[in-house]
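See below for the structure under consideration.
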Amino acid sequence: MAKRSQRFLWPALAIPSFAWLALFLAIPFYVVLCIAFGQVDPIFRTSIPAWNPLDWRFDQFAITLDRIFGANNFYLPPITRTITYVVTAVIISLIIAFPVAYFTARYAGKRKGLVLVLLVAPFWISYMMRMLAWVNLLQTDGIVNSVISLGGLLPVEVNWLSGKPYTVVMGLIYGYVPYMILPLFAALDRISPSLLEAARDLGASGFDVFRRVVIPMSIPGIAAGMLLVALPMMGDYFTSDLLSGSPDTSMIGNLINGTIQTPGQSGQAAALLLLVLLVLAAPMFLYTRTVARSETRS
Amino acid sequence: MTISAAPIDMAMRDPELGRTRRWRRQSSTPKARGLATVTVIYLLWSLVPVAIAVLFSFNAGRSRSVWQGFSLRWYTWDPVGSVANDPSLRSALTHTLLLAVLATLVTVPLGVTLALALDRWRGRIPSGANFAVLMSFVIPEIALAIGLLFMITLLTTPFTLGTTAQVIGLITFQLSYPVVIVRARMLTIGKQYEEAARDLGATALGAVRRALLPMLYPAILVSAILVFADVLDNFVLVRYLSSDASTETTSMRIYSAARAAPTPALNALATLVLIASLTVVLLGWLAYRRWGKNEGEESSVGSFAGNF
């Protein structure tokens, strides 16, 4: 009796959340598939989803791929731009995040708690507010311009907020770098100081210790941090909208967001989305698997 | 014992002193000073812009870059534009808080039961579900938002766009927080307390409820705070799943108004949400300190970093 109640307890506890995930994670994903592989009504320009997988057509994908690789490839610039922006932003994020995390883990001493609180603070400030803060600073009559022009002495009036790629990349870094610092800190904090001392005792120079002990041991944190910032950047459209608003800096997110609001193009939006997910599948899978593994390790 | 050995002896007897000394020695090297400088510059860059935005919410004039004196005009007394008197700003604030409360109330119990089940029930089905939950954490938000939007507009469902759809989307997206955090805690607790309770005559459910669950309270609290604060912040899901002006949130409001010559009332609105978020975090932290005092709770944020 006791054994039986134990056996049924866990599945019973899982039922509500399993039903939830099936309804609101699995079905929406299936709907996206059916739209991407479906047709568009020629007159009403509405999407006709193909609910039966046997009816799936590749028309929408063909149109989408043609717009990426074909003669009139107006989907391609946002895609290459996204890759450039995200790669640049991730590399600069790492250059910022590593020393900050390393300092906090090893040298902050008594002030570690305070530094950690300040590092976590951006998580409690809404992303939109943080972007709004930069919109305020970077307006043509904003504080940044008045500082650069020494309070109006120099005739400097940079229009930071209209189609400047560096503003958008700066915004992406500003928005997402906290997500990189924390996993990096967790990885660096786990390295025991005695291990570093042992390396020194065995004759390694300070640089050797860093290169051959610290770096290899922080690879998991570096990888997790890079993934955690790169994945949301790939779907981001609001940073570019707020800090530029120009088609010259539009990213894949903007492309999907714009396509979905155009009548008759939801099939292409769904196809684009699936292509993005396909590209991101490998890193997402890698992250998910490693987290799942660390959860069951006792 | 010679005099020269005394400091070492003292350091050995007093580990606290030894640590401080070593830290002092380390922190005065050029390398440590360089790293400290980078960290300070980063923190200034990270927090000063927001502080300036908060400051200008108290500006007496309409400018968001020229200080014209301190005033609560944009919070309370401006007859047209203040958060208190502009119905659309007021509704954005209350709707954001409503969504945060509703989503937290459903997500946390749902996530905790799922965490319990995933941790103790072995097999293909639970590990598949675990995978789905973790995927929902890394999947670009826009994918989930568009999927739910299509589902609700194309299928005949009892759900409508607006508050219902927004709450559904938020719960699905946030479910991974309680699951990951509670599971990390369960891993450190182990099964022995539950087994002891069973040996003393508790039913399976009773053992979970009376032995395991109380030990999970700190982790549950942490996940509730994270979910609440993250919902206040959410933009992509709530925007796609909104219906009309009454379901506009503060993040949507900032998005649509930031580039359209707004008044400092927009900053005031953002500041109020920031205050809500910080209040919840502070209250949670105080409760956590009382609860988790003797628990030796480890930082749960690291759970998301994974172990490669």
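Residue B:190 passes every criterion in (1) more than 7 Å from chain A (Cβ to nearest Cβ); (2) buried (at least 18 other Cβ atoms within 10 Å of the Cβ); (3) not acidic (Asp, Glu) apart from (2).
Is at least one residue of the stretch B:88-111 part of a helix (DSSP H, G or I), more than 30 Å from residue B:242 (Cα to Cα) and over 21 Å from the mean Cα position of the chain (by Cα)? Looking through the stretch B:88-111, none of the residues is part of a helix (DSSP H, G or I), more than 30 Å from residue B:242 (Cα to Cα) and over 21 Å from the mean Cα position of the chain (by Cα). Taking the criterion of being surrounded by fewer than 18 Cβ atoms within 10 Å (Cβ to Cβ) and within 23 Å of residue B:238 (Cβ to Cβ), would at least one residue in the stretch B:103-125 satisfy it? Within the stretch B:103-125, one or more residues are surrounded by fewer than 18 Cβ atoms within 10 Å (Cβ to Cβ) and within 23 Å of residue B:238 (Cβ to Cβ).
Got a sec? Which helices (runs of 4 or more DSSP H) wholly within the stretch A:3-120 have at least 1 residues that are more than 14 Å from every other protein chain (Cβ to nearest Cβ) and modelled with pLDDT of 80 or more?
Values: elements: A:27-36, A:59-69, A:76-102.
The qualifying helices (runs of 4 or more DSSP H) are A:59-69, A:76-102.
Of the residues making up the stretch A:210-226, those that are surrounded by 22 or more Cβ atoms within 10 Å (Cβ to Cβ) and not polar (S, T, N, Q) are A:221, A:224, A:225. The residue of the stretch B:196-206 that is farthest from the chain's Cα centre (by Cα), among those that are in a helix (DSSP H, G or I) and either surrounded by 13 or more Cβ atoms within 10 Å (Cβ to Cβ) or not assigned by TED's automatic domain parsing to the domain that holds residue B:284 (or both), is B:198. Could you tell me whether the stretch A:184-193 includes any residue that is within 30 Å of residue A:129 (Cα to Cα), of a type outside the set (S, T, N, Q), more than 7 Å from chain B (Cβ to nearest Cβ) and under 21 Å from the mean Cα position of the chain (by Cα)? Yes, the stretch A:184-193 contains a residue that is within 30 Å of residue A:129 (Cα to Cα), of a type outside the set (S, T, N, Q), more than 7 Å from chain B (Cβ to nearest Cβ) and under 21 Å from the mean Cα position of the chain (by Cα).
Do you know which residues across the stretch B:114-136 are among the small types (Gly, Ala, Ser), more than 7 Å from chain A (Cβ to nearest Cβ) and within 15 Å of residue A:20 (Cα to Cα)? Of everything in the stretch B:114-136, those that are among the small types (Gly, Ala, Ser), more than 7 Å from chain A (Cβ to nearest Cβ) and within 15 Å of residue A:20 (Cα to Cα) turn out to be B:115, B:128.
Within the stretch A:140-169, being more than 10 Å from chain B (Cβ to nearest Cβ) and under 26 Å from residue A:94 (Cβ atoms) holds for A:160, A:164, A:165, A:166, A:167, A:168, A:169.
A quick yes/no check of all residues on (1) modelled with pLDDT of 85 or more; (2) over 25 Å from residue A:76 (Cα atoms):
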{"site": "A:214", "(1), (2)": "yes, yes"}
{"site": "A:221", "(1), (2)": "yes, yes"}
{"site": "A:226", "(1), (2)": "yes, no"}
{"site": "A:236", "(1), (2)": "yes, no"}
{"site": "A:240", "(1), (2)": "yes, no"}
{"site": "A:245", "(1), (2)": "no, no"}
{"site": "A:252", "(1), (2)": "yes, no"}
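Being on the phi > 0 side of the Ramachandran plot and either part of a loop (DSSP other than H, G, I, E, B) or of a type in the set (Gly, Ala, Ser) (or both) is a property that holds for residue A:163. Of the candidates A:13, A:65, A:21, the single residue that is under 30 Å from residue A:252 (Cβ atoms) and buried (at least 20 other Cβ atoms within 10 Å of the Cβ) is A:21. Report yes if residue B:274 is over 21 Å from the mean Cα position of the chain (by Cα), closer than 22 Å to residue B:70 by Cβ and not basic (Lys, Arg), otherwise no. In short, no. So, in the stretch A:144-183, how many residues would count as being buried (at least 16 other Cβ atoms within 10 Å of the Cβ) and of a type in the set (Val, Ile, Thr)? Of the residues in the stretch A:144-183, 7 are buried (at least 16 other Cβ atoms within 10 Å of the Cβ) and of a type in the set (Val, Ile, Thr). Here the stretch B:139-166 is the region considered, the condition is being farther than 15 Å from residue A:274 by Cα and touching a Pro at 6+ places or on another chain (Cβ under 8 Å), and the residue that is farthest from the other protein chains (Cβ to nearest Cβ) is B:154. Restricting attention to the stretch B:181-218, the residues that are without any contact (Cβ under 8 Å) to a residue 12 or more places away in the chain and in contact with a Gly (Cβ under 9 Å, 6 or more places away or on another chain) total 1.
State yes or no: is residue A:94 within 27 Å of residue B:50 (Cα to Cα) and of a type in the set (A, V, I, L, M)? Yes, satisfied.
Residues are listed down the side, and each one gets a yes or a no for (1) in contact with a strand residue (DSSP E or B) (Cβ under 8 Å, 6 or more places away or on another chain); (2) within 29 Å of residue B:93 (Cα to Cα); (3) part of a helix (DSSP H, G or I):
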| residue | (1), (2), (3) |
| --- | --- |
| B:156 | no, no, no |
| B:168 | no, yes, yes |
| B:180 | no, no, yes |
| B:208 | no, no, yes |
| B:217 | no, no, yes |
| B:253 | no, yes, yes |
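Selection of the stretch B:64-90 for residues being at the interface with chain A (Cβ under 8 Å from one of its Cβ atoms) and among the small types (Gly, Ala, Ser) yields only B:65.
In the stretch A:126-145, the residues that are basic (Lys, Arg) form Cβ pairs under 7 Å with partners that are surrounded by 20 or more Cβ atoms within 10 Å (Cβ to Cβ), at six or more places apart or across chains, as follows: A:130/A:122; A:130/A:174; A:130/A:175; A:130/B:50.
For the stretch B:36-62, give me each residue that is at the interface with chain A (Cβ under 8 Å from one of its Cβ atoms) and either more than 16 Å from residue A:118 (Cβ to Cβ) or assigned to a strand (DSSP E or B) (or both).
First, the residues of the stretch B:36-62 that are at the interface with chain A (Cβ under 8 Å from one of its Cβ atoms): B:36, B:38-39, B:42-43, B:45-47, B:49-50, B:52-53, B:56.
Passing the criteria: B:52, B:53, B:56.
Taken over the stretch A:89-104, the criterion of being within 13 Å of residue A:176 (Cα to Cα) and touching a helix residue (DSSP H, G or I) at 6+ places or on another chain (Cβ under 7 Å) is satisfied by A:89, A:90, A:92, A:93, A:94, A:96, A:97. For residue A:255, the criteria (1) buried (at least 18 other Cβ atoms within 10 Å of the Cβ); (2) among the hydrophobic types (A, V, I, L, M, F, W, C); (3) over 21 Å from residue A:168 (Cβ atoms) hold in every case but one, which is (3). Looking only at the stretch A:268-289, residues that are at the interface with chain B (Cβ under 9 Å from one of its Cβ atoms) and among the small types (Gly, Ala, Ser) come to 2 in all.
The values are calculated or read from the model by the stated rules, or taken from the named source; none is laboratory data. Since this is a predicted model, take the numbers as computed values, not measurements. Because the Cβ atoms are built from the backbone with ideal geometry, glycine has one as well, and the counts that use them run over all protein chains shown.
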